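Worksheet: the structure to be examined is printed underneath.
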Amino acid sequence: MTERKATGRRPVTAKAPRDIDRVYSTTEAVAKLRRLADALEQDKPFRIQIAGERFGSHERAEFSLEHERDEDEEEVEFQLTWKVEPAPEGRSESAPIV
């Protein structure tokens, strides 16, 4: 039996790919955006639940805005992107849920 050194990090578990769009009411969207803005402003990681799945971001997530236009529709996307890394034990549990 091999002994593993404790690193204080959880192993990254493989998750199934996911690409969903979820429509929220204005009230729900405002609440999520407000909590997200607070976490970004304080340079803190956060946890968010979307369509029944809860997950956490990294404090070094990159924030971008995307604008798309075609003949009959315009779209603005607020996007956060980060690399999946193991989290220190307990970090994502203490991050605010957005």
Just give me the residues in segment 37-76 being among the acidic types (Asp, Glu), in a strand (DSSP E or B) and surrounded by 10 or more Cβ atoms within 10 Å (Cβ to Cβ), in sequence order.
53, 62
Just one listed residue, out of 44, 32, is of a type outside the set (Asp, Glu) and at pLDDT below 85, and it is 44
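The values are calculated or read from the model by the stated rules, or taken from the named source; none is laboratory data. Keep in mind that what you see is a predicted model, and the values were worked out from it rather than measured. Cβ: placed from backbone, ideal geometry, glycine included. Neighbour counts: every protein chain shown.
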